[in-house]
Every structure is written in C-alpha cells, then in structure tokens.
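Chemist: Below is the structure I would like to discuss, written out as structure tokens.
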4 protein chains.
Amino acid sequence: MTVRVAVAGASGYAGGELLRLLASHPGVEIGAVTAHSSAGRRLGEVQPHLAALADRTLEPTSADVLRGHDAVFLALPHGESAPLARRLGDETLVVDCGADFRLVDASAWTRFYGSPHAGTWPYGLPELPGARDELRGAGRIAVPGCYPTAVTLALMPAYAARLVEPDAVIVAASGTSGAGRAVKPHLLGSEVMGSMSPYGVGGGHRHTPELTQNLSRVAGERVTVSFTPTLAPMPRGILATCSARLRPAFSGEDAADRVRAAFEEAYADEPFVRLLPAGQWPSTGSVVGSNTAQVQVAVDRDAGRLVCVSAIDNLVKGTAGGAVQCMNVALGLPEWLGLPTNGVAP
Amino acid sequence: MTVRVAVAGASGYAGGELLRLLASHPGVEIGAVTAHSSAGRRLGEVQPHLAALADRTLEPTSADVLRGHDAVFLALPHGESAPLARRLGDETLVVDCGADFRLVDASAWTRFYGSPHAGTWPYGLPELPGARDELRGAGRIAVPGCYPTAVTLALMPAYAARLVEPDAVIVAASGTSGAGRAVKPHLLGSEVMGSMSPYGVGGGHRHTPELTQNLSRVAGERVTVSFTPTLAPMPRGILATCSARLRPAFSGEDAADRVRAAFEEAYADEPFVRLLPAGQWPSTGSVVGSNTAQVQVAVDRDAGRLVCVSAIDNLVKGTAGGAVQCMNVALGLPEWLGLPTNGVAP
Amino acid sequence: MTVRVAVAGASGYAGGELLRLLASHPGVEIGAVTAHSSAGRRLGEVQPHLAALADRTLEPTSADVLRGHDAVFLALPHGESAPLARRLGDETLVVDCGADFRLVDASAWTRFYGSPHAGTWPYGLPELPGARDELRGAGRIAVPGCYPTAVTLALMPAYAARLVEPDAVIVAASGTSGAGRAVKPHLLGSEVMGSMSPYGVGGGHRHTPELTQNLSRVAGERVTVSFTPTLAPMPRGILATCSARLRPAFSGEDAADRVRAAFEEAYADEPFVRLLPAGQWPSTGSVVGSNTAQVQVAVDRDAGRLVCVSAIDNLVKGTAGGAVQCMNVALGLPEWLGLPTNGVAP
Amino acid sequence: MTVRVAVAGASGYAGGELLRLLASHPGVEIGAVTAHSSAGRRLGEVQPHLAALADRTLEPTSADVLRGHDAVFLALPHGESAPLARRLGDETLVVDCGADFRLVDASAWTRFYGSPHAGTWPYGLPELPGARDELRGAGRIAVPGCYPTAVTLALMPAYAARLVEPDAVIVAASGTSGAGRAVKPHLLGSEVMGSMSPYGVGGGHRHTPELTQNLSRVAGERVTVSFTPTLAPMPRGILATCSARLRPAFSGEDAADRVRAAFEEAYADEPFVRLLPAGQWPSTGSVVGSNTAQVQVAVDRDAGRLVCVSAIDNLVKGTAGGAVQCMNVALGLPEWLGLPTNGVAP
C-alpha cells in the first residue's frame, strides 16, 4: 500500500520538514504541495534544501487541491485549519500540525487564542497512555505543540508514577525555527545569534494550557505549570528543563533508584523516546533531524525536587516527525516507518 | 591617583576580560600580567583581541611578580588563590575571581570542592544589602561566581521584600566562556554550536551553595534552591530564569504592582542593574561587553509564582567587571569608573 | 572643547554603533538622536543594549532637528543623505555613513545605484595616502563602505609598493549586521545560522566600483577587481581574503621579506591597523567591538600570488568607528580619541 | 545482497557520519565498529546522536577485527590507513576517507605530508571524467578530501570545456567539523563562534596538491591554484568560491549562455550535483546532512573572470557520503542507494 499525501503550508518550516520526511518515507507518495503567497513558485526556490522535490510547483492551499489524497498534513497558522478540514471528507486522514484542535477546554482556547474554539481532535502524542488506541483508525489528528511534546515526555513518567506534586516548573529553550518563518525583527540573525531571551513569561505562552492538559491527563488530577520559554541561538531543538517537588514517599535514600525504575518502565518499549544511561544528559544537537526524544532525570535531595530534562528537534518529534508518526499509527503502518532515530551531528 | 594593578591568570578568558576593562580604566595602570604555561609568550599571541597590550610579555604567576602592586586580580583555577594571596602583604588589595573565599560555610565548601576551606573574604557583590560597607577599604575581596551574580540580582528584591517562599527554582543558560578556556571535548565548537544541554543537574553545580548563601542572607531565613545550569551556543552571557511561589499576601490583583514597586525601589540607584520597563525582557545579546545586569519580573497568577529573569555578560558583570567594580569601591574610586554600561550589539 | 553631535538613523545597526562609540567618547556630547518610523519611541526599546541612553527619545529625522550640532552623523539608506545634507549649513560637519558621496565616477554611481549622482565628498579612509590632509578641516565626509575598508587596508601596501599586478581577486565574508536591520527572509536567524552563501556574485555588488576606485588611487593605474561577498553566520565582522599576481620582480626567494617590509612600513604608524606578527592570522572574533583592522600577508610562490587578509568589525572600523575617526581628524582631535582598539573576545 | 561493512575510526566525526548513513542504507548491514582510545566504550557515549546504534560496543581498530567484512571504511588520521589496508585481503573493499592514497605525485605527497608516499588508489570522485569506470569493481578507493570535492565540482565544467585559463583562485569556508574531533584550543566553541579566520594561507594547506591534481586531470594541462581555506562559525559545510580568467573566446556577450550550457551539460545526469537555476546561489545550510553539491556560476565581464561556487556538507558529500557513493559504484549497487539528497534545513 502506498499512501498518497498532500502537504498544505509547504513554504514554512514545518511544511518543509514534513516534505523532507515524507520524501524518504517508503510507504508514501507525495501528491499536492500547497502554499498561500508562494503558490505558483517552484518548491526549489522556496525550500532550496529539498533537492529531490525542487521542480515541484506549489499549488494554492484549498480544499479542492487537497481533496482526494489519503492523508493531508496541515502546517498552517492557527485558525486556518478548521475551515479547510471541514471541507475535506472522512475518507481523508487530516493531520493538523496547528493548534486549532489540540485543546479540550474551549474556554482555555478562547482565553489564549482569542477566538471561538473549533473543537477537539484525537491528540497525536502516541506515547501518552491510551493515545495509540485513540489514534488507530482516526480520521483527524491534532499534532501536539513542540513545547508540549518535549515537556510531556520529560515529565510523564513522574506523574504517571505519582512521584511528584502537581505543580511543575518548566523552563524550555527553543531554536528559532520554532517561531516560524514569518519575518519579524527580533528573529533576524543579527539579533538572535549570541543571545538568549525569554518570552511569554508569567503564563502567557499559548502552549501553557496544553501542558496543563497533558500533565493533568497523566496525573489524574489538575497539574499547574509555571512555563517560561526562551529563544536560543540555534535553528532547531528544544531543551526542556522541568522540575516538581517530590512526594514525601520519595524523600528517602532509594528515591533515585525508584525514580529511575519508573522512567525505565515507562519508556522501555517506546521507539522514539530514549531514556539516556545514568550520567548522560540530553543535548539538542544530538537529536537534530531525528524523531528521537532524549530524556534524563535526577533527584535533588537538598531541594526536594525531581528534575526531568528532555531534548527534541522541534521540527521533527516536535512537529513533522510527530505528525508522520501519527499517520503511521492511524493508517496501521509500522509506527517507526520512514522516521529517522539517528540525529545529524555534529 | 593611579592604581597600579596586576592580573594573574591573564591567558584565560576572565584574565583577558580583566585586561580589556583595566586597559580603558582611567584610574588604572597595568603592571604585571602573568600566566602559568603561557609565561614568556607575548600577550598578543594568547589574547589576539588585546591589540593595545599585544607586546606585553606574560610573566610567571608568582608572589614575587605580583607583589608591590596596589591591586592584584587573581583569575586562577580554584585552590590556587589561597596560597598566593597568603604571600601578598596587606598593602595590596587582592581581588579573587576564583571560588576559594566565597563561601562562609566551610562544610559546604568541602562538600562541593572536596578540599579544606581556605577561609572567607568580603563578598564582592556591591548590590547586596550592606555589601558596600564591607567592601569599602577591604584588602581582600571574593568576587561572586557568574551564576550567583545573575541569580542573586534577579531574585534579591523578591526575597528582600518577602514576596516569595524560601525555595527557588532556577534554570540558567550560560555561554561557553563560562566553562573557561581549558580544552575539553564537549566544548569544541562543533559540539556546542546548534546545541543546548544541561549539566550539574540535581544540585551538583558548585555555585549551588553560593546561591543558597546569597539568597538566605537577603531573606533572613534559609532559602533552598533547585539549580540547573545549561550550556548555550553562544560565547558569552547568562540568562537566569528564576521563580518561587508567591507568599499568600501577594495573591491578589494588585500583586503585579506591588512586585514592580519592590523591584523599582531595590534598583533605583544601582548603576549597573537595569530593571527593564514593563513588557521588555532581558536578552544576553544586549549586555555583551557591558557591566549591566538587565532584570525583569512577572507574576504568574495561575501558577502562583513570581518569575524573575536576569541577563548579564558572564565575563563582565559576572566576573571581570564585577571585580573592577569591587576594586573601585574598595579603593574609594567612583564605583562606575572604567566600566561600560552599553553592550556591544548586535 | 566638547563636540555636540547628532545621529540620524539611530534605530539601525550603524546608528546604534555610532551611539555606543560616541557615548564613551570623552570629547563628545550627544544631542539629537533621530529615526524615521521609530521616531517618538524610547531609544531603550529600539536599542536595548544602549543602557546609558535608554531614556532618550528618538526624534524625527529632519534638517530642523539636526541643524545646530557641531557634527551630524548620517546612517541612512542610500539616497537619503544628499537632500538632508543640502539643508545643513557649513558650520556643521556632516559625516555620511551611506554611499551617496563615496564615488568620484558619476557613471559608475548610476550604473550601480540606478539614480543620478549626488556628488563626491572627501573620502573618509584616513589610512589612504593623502587622505588625512583632505579630511583635516573638511565639512563633509563620505565614510567608506565596510567591504572597501577591509579590502583597501588588506591590499593597499601591495599596490602602493607595486608588488602586484593590477587585477585583484577578493572573497570576503561578512556578518549579518552588514546587511542592515531591514527585515528580509534570508536574514532570519533560522536561515543564516549554520549557513554560508555568496551574493552579488560576478561583479554585481555595489561596493565593487568603490574597491576599484580605492585600489586604482593607490596603484596609480586602473585596478580591476573580481569581488565576491559572502554572508557568514555571525552578527559582526568582515574577513577579506584578497590576492593578486606578484610582479616578476617579486618572484625570487626574497619576495616574502620584501613584501613584509612593505607592509611594515605602510602600517608602522597607523593607530588602527595592526599588521600581525608573521604566522598569526586575522580573525574577525578578535576585532569585534574595536576599531582595529588586523592585516596579514603571505607569498604563494607556487601560484605566483600575494595573498592579503584583513579582519575588521564591519560596524566599527567598517562604519561607525571609521566615521568617528574621521570626525576626530576633521575637527583636529586626536585621531584615536574615544575609539577602542581592544576587541571584545571571546 | 546485503553488504557487511565495518567502520574504523568510528569515534570521530567522519566515522560517526559513515555510521549515520550506513545505518539507513538499505543494502548494508553494519558489522564491526572500531576506535583507538575509545575502544571498549558504548557507541552511545561517544556518538550520542546515533540512537539506533547506541548499544554497540567500540572494538579496537585492528586488521583482525576488520577482516572478513565485504567493505571496510577507514576514517583514520593520515598515515594509519596504509599499514592497516595492507593486512586486509583483496576480498574486502577498502574505502579510505584519509589522505594516504589520494595523490599520484609521490613528491607532492612527501612535500605536504612529510613522510614517504604509500601509493595511489583509484580516486573516489565519481563525477570526474572516467572515474566511474575506474571505481566499478575496484577493491581499494581513496575518497577525496572535502575541499577538493567542493572545488573540483565547482570548477570541473569550466576546465572540461576549456572556458578558463589554467590558474584558479579559490577561497573556501569550512565548518569546524572539517578540522576533526581532536581537541585543539582554536577549535573551542568560545573561539570559533562569531569568528572567521583563514589558515594554511599561501599554498600551505595539504589539499592544495590534490586540487592541482584534479583540475589538471580535467583540463588536460597543468592548472595552478591559489587556495585559501577559512574556518567558519558553523559545524558543517563548505562554501567554495572559485574563479579563473576567462579565455578570450569567452569574452563576448554570449559568454554567460555558453558557460551555462557547459555547466548544464556537465551535470545533467549527475544524481548528486545540482546546478541551481540562474539567479539562485548555493548555501551550505541547504545541503547539511545530504550528499548534494549545489553549484552555480557567473561571468564577471568587468573582471574578465568566471566565478564558480559550490556548497557541500563536508561530512557527507565531502567525506562519508562520497565514500558510500563510491562503495555503491564499486559493488554495482545503484549509485544513489542510501544517500539523502534533501538537506536538513533550517
């Protein structure tokens, strides 16, 4: 079986990465490749790294163009996926890399995005408990945000095994591609090289309710998060440093062993989550280009906290790779098909 | 009055930065410039950016060479300052950029550094309450670590005004020069460019007891810290993202205003701490080369936490600039003399 | 004497750097600071690194605002300086960092800039033979382009001493700030980090006729240049690698010594050009923030060519520092006043 | 058929990249993976990005360990390949990524490497005229140096079609991984970030005789080169800017068209060389991780020169990818098998 796929929003970074991964996916044939303002241009002009697809022409993003594919990937600004998806039939799997359908809580959506909630689709993080059952055979999938992917994978075993209290403090550094390809002054190379800065401080970042949603789902109780994203001088990668107070039951000398056991059990069979050997710490550089999430954990007995760190490539495991992984699950392909686990380093 | 200064450890990054600042300090004349393995070489070979001092010859680091200067700056690996300082008389101001004399608690020293404690010198962070009185006329000064400088300046007003609970969570990103000039595989350009990674996770970093010491001194009670340093792909800069739970008295709608007022009051007269206007966030890129610390603060009401962020140049305000500032205070010069507040950006 | 200066175009990179240098210039007082679209904003918002000037308000760029200063620095897009300068009286020194008045050859101007030539001002590269005489007391000065500064300083002694044939091949790498602060897709951090690319290949870059003009002036005959600029993943700096065929008289064994002697003689008394000791090569990192040009030269006997390399900070020696140096010369101040020679490294 | 391969020198950058490519090569099974000082360690410690091979143990580099594989890739310091290869039988294809067997001219070898010449193997640049015939069925292959690959592909059509004179001027920028993983002070991240510098200026770089050899082979006459390599602040990539004087026959108005036609013809059927559409220029960022060489060419009529630019990933097309491509040719596999053409960008 060959899955015929389309990519909408192919002129952006997420769209480009979808094409890179899909082009080497052995079960996939690339159909329509669409964009808004770049429609009509050769893909090679817009995404010069995609040599194998350079002569493709970008078509306009519309339901007419996208219809008829087995799977459609949407890599569009939030708000644009909903109207488009409505016009695609059930025979087409729609995988949305945008935010429109990620949140269950409509009021949280409106508070953070300022518009009416479009609905909720099955949430495309296969590593979440129960998620694969939801995704198998699904016709619509909401791919998680890049930060929520990194943070959830870092903290999930801690909440699943009730190691920590339900308030987490998260500081995450992201490469600049996480901010997209829209041209903004603070994203100029001259500004970002050699500089780190925070943004959305104090709970303002739109991924905050998604973090709360994921961690609460795992914990079985409401988890609050203090989330500070920072912009780092690198094109790709997220390093999420997450901590929470250890529950009293984990204050003893054996805490580190019990914590490690919980993490090992959680990720023993995950193809794309790699709990590193003790003493080795995640680095974003070693997951660039791959769908791998590196995870490590430490007990800080003086501070009484568990510190969980993950590293992902925001464009792969954090977006396009996660999307392809979901397509694989939804369509009954091997989950790992077409997805690199080795990073491109140095 | 011209102060005749010597710099020991002039082949490293801290030593080079001391020379850069001292060379343009109007009250200073540079005397001996010393190194260990580079002794005998021209400074221009070792520090090619110091054009104005290129023809100086590095002398060996010894008490004989350093003696007789008005002020001696030590930029040496920890453990080397104590024996050297002992052989310098009281007529010489010794400013130690290393860790030897920073900690009051001898057991904390031994736990983190694995050697007997050499003693405690006046702590060279003039912005700490009471510090200027201690430093004025002092003959020995321990310059703070780079992370403690950044973190203390971010959190000090919060603890001084009792805004937050006594446990803080700190994640800080440092440029690679913070790791010094010793050649280690993980510091190769190929490894660090495009990558972020944590180290010393779970309370292991040697700056942890210094953080505890500073924040406890300000708070008047024991403050515990969870500190995670990360290595960022930039040569210079520290971005410290710090948070702590707001005390119940600061849970109301007016919390943000009261917090801001506390920070404004704390830093109104500080020449090198710049509380940014509301809505503007620190960036390391804008303090490179300067002795300025940028600080900003936000209340996260959902998480019930105060988030305090600072940015410094680890080699300037975090080391060499802080050291010169201390010399100025100790010797009765204007505190700001010879210290740039404008950064070199972009 | 205190010189009262104004900076027009203070929201850009060149304007920001002018302010950084002028703020620490002991003979200068900063008057009006102007911008176009940012007029009315606080300087601290637009140039967050200029802590010492953060509370200044940007005024609109107009002759009325600029008039009455002793010196006015123009850091404007080409084409905007001429009309403005015309409205400023002779009592004001106007130093133009733009291209409008650099070229002598009106047809070259029109060919490369597509507009009528505005005229020619004294050319502000004091190191050129005879230039200081022209600049002393001048009321109008055209600051060289950043590439021409780097290239001319690399090749000048070779042409002055008739070491090489009159056609030069130049490949220069520039940091992204050389492209200015205007927001363009290819200047996004995500695009430039980790990437090098050429532009204006084949003679199309607007600095080409200026290179020809300078080298021909030195050589006393028409010099043709093949100039390829490249964009490098760094915020600042130009590395110019220049070569030309050695004249037959320099083909012997003593060529290297004679070449070195020519370069040493040329730069023996220059405060801002540093011919490096044999064996040491320029690096842009070591001149960042300084007005220093590093120069080195090698004879390639197999290829029969002389290779001359220079490194400058494009925003300092290549623009703002060069401009301040010219002001110093024009107004009879010490040429080096207020200009750092030590770089900010690492 | 599955080819059983071994990689010697797997702890270095070239070795790591060989493993990354071979791990996803559908016709290959990875056998022994060897190193010197890292022998006995888990691969995951040394190459943390190779998640799929993390649990492999590094064996010592010795003929005993390497023997018995269908193909052995050597990624060793120069001088180490020859003795090892001698002890491997003819039934094993040996692909040497080092310099030992690249040069035909023994005296050039000795002059540049200071040791006796070990011999000459078939030269593994399949794009060279006649090369594929030599490589098909070969038992020993010398993979070209990274700079020679980039430069030869940029200039080859110009010399094949006799467009230019036989002396070329080449300035090439390389990412730091080109300098290998050996720990040297000038390769520290703090030193290289934000800085560009030349090295081996004046004909001293060891790739110079290889450049001469390749271009002379294509031109059918002795070509001299002036080659200046520069170190750029990026982990990967080579941008080669090459030029030579146009022959008189190409001085006319139709020169650009005739040049373009020559380049189009040369590369029409090459799977890994991509002549970009007119107006688009190579960038190293767009070939990272891929075996693609981007090439573009321009006529500079004023300077009378042809400017040819190429961009490659030094570790892929410049080393490991080129090596795998050669293995494919030698063993009769499809030349493109297992080799990505799409880059990882941004």
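The values are calculated or read from the model by the stated rules, or taken from the named source; none is laboratory data. Please read these numbers as outputs of a predicted model, since none were measured by experiment. Here the Cβ positions follow ideal geometry from the backbone for every residue, glycine too, while neighbour counts run over all protein chains shown. Just the protein is used for accessible areas: all its heavy atoms, side chains included, with ligands, DNA and RNA removed. Shrake-Rupley method; radii C 1.70, N 1.55, O 1.52, S 1.80 Å.
Chemist: Within chain C, what's the longest stretch lacking GluC sites (Glu not before Pro) that sit in DSSP loops with no more than 15 other Cβ atoms inside 10 Å?
Modeler: The answer is C:92-220.
Chemist: Which net charge results when you count Lys and Arg as +1 and Asp and Glu as -1 among the other residues whose beta-carbon is under 15 Å from that of D:ARG301?
Modeler: 0
Chemist: Then there is this: Students sometimes get this wrong: rank A:TRP281, B:TRP121 by accessible area, probe 1.4 Å, all chains present, largest first.
Modeler: If we order A:TRP281, B:TRP121 from most to least accessible, we get A:TRP281, B:TRP121.
Chemist: While we're looking at this one, here's another question. Which whole-number percent of Cα pairs in the stretch A:141-285 have a distance greater than 20 Å? Can you show the working numbers first?
Modeler: Working: 5435 of 10440 pairs.
More than 20 Å apart: 52 percent of the Cα pairs in the stretch A:141-285.
Chemist: Within the stretch D:176-273, list the trypsin sites (Lys or Arg not before Pro) lying in a DSSP loop whose Cβ has at most 11 other Cβ atoms in a 10 Å radius.
Modeler: D:ARG222
Chemist: If you don't mind, there's one more thing I want to ask. Which of rounded, prolate or oblate describes the stretch B:304-343 when judged by the alpha-carbon gyration tensor and an a/c cut-off of 1.5?
Modeler: prolate
Chemist: In the stretch A:16-97, if every C-alpha pair distance is counted and binned at 10 Å from zero, what percent goes to each bin?
Modeler: The calculated distribution, bin by bin, is 18, 52, 29, 2.
Chemist: What is the Cα convex hull volume of chain A when expressed per residue in Å³?
Modeler: 133
Chemist: Sticking with this one: If the only charges are +1 at each Lys and Arg Cβ and -1 at each Asp and Glu Cβ, what is the size of the charge dipole of the stretch B:188-346 around the Cα centre, to the nearest 20 debye?
Modeler: 320
Chemist: Within the set of other residues whose C-beta is less than 11 Å from the C-beta of B:TYR13, count the net charge using Lys and Arg as +1 and Asp and Glu as -1.
Modeler: +1
Chemist: What is the mean number of Cβ atoms from other protein chains located within 10 Å of the Cβ atom of each residue in peptide A:198-206, rounded to a whole number?
Modeler: 6
Chemist: Right, something else. Work out the length of the dipole vector of the protein assembly as shown about its Cα centre, built from +1 on the beta-carbon of each Lys and Arg and -1 on the beta-carbon of each Asp and Glu, and round it to the nearest 20 debye.
Modeler: 0
Chemist: Per residue and in Å³, how big is the convex hull formed by the alpha-carbon atoms of the stretch D:160-200?
Modeler: Cα-based convex hull of the stretch D:160-200, divided per residue, equals 121 Å³.
Chemist: Find every distance from the label point of D:SER62 to the corresponding label point in the other copies (7 Å from Cα along Cα→Cβ) and write them in nm, one decimal, shortest first.
Modeler: With the label placed 7 Å along Cα→Cβ, D:SER62 yields 4.9, 7.0, 8.5 nm.
Chemist: Using Stokes-Einstein with the Kirkwood hydrodynamic radius over Cα pairs, what translational diffusion coefficient do you get for the stretch D:264-346 at 20 °C and a viscosity of 1.002 mPa s, in µm²/s rounded to a whole number?
Modeler: Calculated translational D: 157 µm²/s.
Chemist: Cα extents of the stretch A:199-301 along the three principal axes, largest first, in whole Å?
Modeler: Result, largest extent first: 39, 31, 25 Å.
Chemist: If you filter the stretch D:93-173 for trypsin sites (Lys or Arg not before Pro), then keep DSSP loop positions with at most 16 other Cβ within 10 Å, what is left?
Modeler: Listed in order of number, the matching sites are D:ARG136, D:ARG162.
Chemist: Now for a different question. Put a label point 7 Å from Cα along the Cβ direction on C:VAL104, then list its distances to the equivalent points in the other copies in nm, shortest first.
Modeler: 4.9, 7.2, 7.8
Chemist: Something else: For peptide B:245-254, what's the mean number of Cβ atoms from other chains within 10 Å of each residue's Cβ?
Modeler: That average works out to 0.
Chemist: Additional query: Give the residue from C:ALA182, C:VAL218, C:VAL259 lying farthest towards the positive end of the charge dipole for the stretch C:104-261; charges sit on Cβ (+1 for Lys and Arg, -1 for Asp and Glu) and the dipole is referred to the Cα centre.
Modeler: Of C:ALA182, C:VAL218, C:VAL259, it is C:ALA182.
Chemist: More than 22 angstrom separation, counting every C-alpha pair in the stretch B:1-141; what % is that?
Modeler: Details: 3908 of 9870 pairs.
Across the stretch B:1-141, Cα pairs with separations above 22 Å total 40 percent.
Chemist: Tell me, what is the 1.4 Å probe accessible area of A:SER251, in Å² to the nearest 10?
Modeler: Taking all protein chains as shown, A:SER251 has close to 80 Å².
Chemist: Which angle between 0 and 90 degrees, to the nearest 10, do you get for helix D:208-219 versus the longest principal axis of chain D when only C-alpha atoms count?
Modeler: 60
Chemist: Quantify, in whole percent, the carbon and sulfur part of the accessible surface of chain B (1.4 Å probe; protein heavy atoms only).
Modeler: Details: 5400 of 10690 Å².
After summing per-atom areas, the C and S share lands at 50 percent.
Chemist: Could I ask something else about it? Dipole of the stretch B:1-128, Cα-centred, from +1 at each Lys and Arg C-beta and -1 at each Asp and Glu C-beta, to the nearest 20 debye? Show your work: numbers first, answer last.
Modeler: Working: 10 positive and 14 negative charges, 44 e Å.
Once rounded to the nearest 20, the dipole reads 220 debye.
Chemist: How fast does the stretch A:216-257 diffuse by Stokes-Einstein, in µm²/s, taking the Kirkwood radius from C-alpha pairs at 37 °C and 0.692 mPa s?
Modeler: For these conditions, the coefficient is 238 µm²/s.
Chemist: For the stretch B:230-278, state what percent of all Cα-Cα pairs lands in each successive 5 Å bin, counting from 0 Å until the bin that includes the largest distance.
Modeler: All Cα pairs, binned at 5 Å, distribute as 4, 14, 18, 20, 18, 12, 10, 4, 0 percent.
Chemist: If the label for A:PRO185 sits 7 angstrom from Cα along the Cα-to-Cβ line, what are its distances to the same label in every other copy, in nm to one decimal, shortest first?
Modeler: In nanometres, ordered from closest: 2.2, 4.2, 4.5.
Chemist: So which of B:LYS184/C:LYS317; B:LYS184/C:LYS184; D:LYS184/D:LYS317; A:LYS184/D:LYS317; A:LYS184/C:LYS317 end up more than 30 Å apart, counting from Cα to Cα?
Modeler: B:LYS184/C:LYS317; B:LYS184/C:LYS184; A:LYS184/D:LYS317
Chemist: Give, as a single signed number, the net charge of other residues whose beta carbon lies under 10 Å from the beta carbon of B:LEU93, with Lys and Arg counted +1 and Asp and Glu -1.
Modeler: -2
Chemist: Using the C-alpha atoms of the protein assembly as shown, what convex hull volume per residue, in cubic angstrom, is computed?
Modeler: With only Cα atoms used, the protein assembly as shown gives 170 Å³ per residue.
Chemist: On average, how much accessible surface per residue is there in chain C, in Å², for a 1.4 Å probe, leaving out ligands, DNA and RNA? Write down the numbers at each step before the final one.
Modeler: Details: 10720 Å² over 346 residues.
Computed with neighbouring chains in place, this is 31 Å² per residue.
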